[in-house]
Amino acid sequence: MHRFANPARFGRLADRVSPVLWVLFGLSLALGLYLAFFGSPPDYQQGQSVRIMYVHVPSAMMTTGLYGFMALASATALIWRHPLAHMAARAAAPVGTAFCLITLATGSLWGRPMWGTWWEWDGRMTSVLIQLFLYFGYMAMWNAFSDRARAANAAAILALVGVGNLVIIRFSVEWWNTLHQPASILRAGGPTIDGSMLWPLAAMVLAASAYAGLMILKGMKIELKAVRLETLMENQAAPTTSYRLDLG
Amino acid sequence: MESLTHAPFIAAAYGIAFGVLAGLALRLFLKRRKIDQDLAALEAQQPRRRRRSDDA
């Protein structure tokens, strides 16, 4: 794992992986959208509005998956002091936030015609809203300290504390009597939805994963450049300061 | 008839999703461009600064 701690080596790896992810993203998105709109039937109860599922469910999976990734990267940074782990976590945060916003918005748009309400304070919806606040909190923590190392550690601790909410999101539909339906894909007995709906969903999940991977890689490369910029600025400021001190 | 009543909800869901994801990609692109510009400006200053400090 520490092989990729070298920024130059990581940059080369990211440059090799990015085109593959772009192709994967383009193909799976095209296939997913085609199947979602033309290759899958309307639901026998929900009708055409079931097509919102193909954007809502992948976003929800990314929301929790990216938070898990962030927590794992944060733990790696705190325990093994891997230099790129904090950057990976930081790069994943805005991507997770975007997917969380999409999950809440599309869920609301799906709920209105199906449940007759835009929002309900039930276990699943409220815990996903808390997830959004955790993402905001994580990003705010990075900007709350002028010292990069302190900010990174504080944000990493918050990311780890927030893992508890992932468990609540997962089991909220079982612990409480919610308006939201129980799990129908990632469940012990296998998916309960028909194959004609499962394939477009799988293609859209793949597209969302490739997009998330791309954005994280790009975010990490930007973060590396930002660190280089800070170092250059500090180096530039240093001779001036010592020159003035010498004069004094 | 049912498909027509649900169409705005479906269109809004996909519109918001693609809008947010495109916005995120644009934000990263602008951030990278800004950092690249700042880096180029700083690196262009570096040799001049070194020469000036050598003279001093």
Practice problem: Could you tell me whether segment A:89-130 comes out rounded, prolate or oblate from its Cα gyration tensor? Rule is a ≥ b ≥ c as square roots of the eigenvalues, rounded for a/c under 1.5, then prolate if a/b exceeds b/c, otherwise oblate. | Solution: oblate
Quiz item: Going by alpha carbons, how many degrees (0 to 90, nearest 10) lie between the helix axis of A:53-80 and the longest principal axis of chain A?
Solution: 30 degrees
Quiz item: Helix A:195-247: angle to the longest alpha-carbon principal axis of chain A, degrees 0 to 90, nearest 10?
Solution: 20 degrees
Quiz item: So, in nm, how far is label A:Ala144 from label A:Thr231 when the simple model puts each one 7 Å beyond its Cα toward the Cβ?
Solution: 2.8 nm
Quiz item: So if R0 is 25 Å, what FRET efficiency would A:Ala183 and A:Thr117 give, r being the distance between their Cβ atoms, rounded to the nearest 0.05?
Solution: 0.70
Exercise. Springs between alpha-carbon atoms under 10 Å, Gaussian network over chain A: tell me which of A:Arg148, A:Arg187, A:Arg90 tops the mean-square fluctuations.
Key: A:Arg187
Exercise. Keeping all protein chains in position, work out how much accessible area A:Trp119 exposes to a 1.4 Å probe, and write it in Å² to the nearest 10.
Key: 80 Å²
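Residues of A:97-105, mean number of Cβ from any other protein chain within 10 Å of their own Cβ, rounded to a whole number? Walk me through the numbers on the way to the answer.
Details: counts 2, 7, 4, 1, 5, 7, 1, 1, 7.
Averaged over the peptide's residues, the number is 4.
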Quiz item: Once you average over the residues of B:17-23, how many Cβ atoms of partner chains fall within 10 Å of each Cβ?
Solution: 6
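Helix-only mean residue ellipticity at 222 nm, chain A, DSSP H runs n ≥ 4 weighted -39,500 (n - 2.57), per residue, nearest 500. What is it? Each step should come with its number before you reach the end.
Values: 7 runs with 192 residues, N = 248.
One gets -27500 deg cm²/dmol as the mean residue ellipticity at 222 nm.
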Quiz item: Which of rounded, prolate, oblate describes segment A:1-154, given a ≥ b ≥ c as roots of the alpha-carbon gyration tensor eigenvalues and a/c under 1.5 marking rounded, otherwise prolate only if a/b is larger than b/c?
Solution: oblate
Exercise. Send over the per residue convex hull volume for segment A:134-181, Cα only, as a whole number of Å³.
Key: 65 Å³
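Contour minus end-to-end for A:Arg170 and A:Ile79, with contour as 0.36 nm per residue of separation and end-to-end as the Cα-Cα distance? Numbers along the way, then the final one.
On the way: separation 91, 0.36 × 91 = 32.76 nm, distance 2.64 nm.
Contour length minus Cα-Cα distance gives 30.1 nm.
The values are calculated or read from the model by the stated rules, or taken from the named source; none is laboratory data. Just so we're clear, the structure is a prediction, and the values are computed from it rather than from any experiment. A quick note on method: Cβ atoms are made from the backbone with ideal geometry, for glycine too, and the neighbour counts reach across all protein chains shown. Accessible surface is based on the protein model in full, side chains and every heavy atom, while ligands, DNA and RNA are left aside. Shrake-Rupley method; radii C 1.70, N 1.55, O 1.52, S 1.80 Å.
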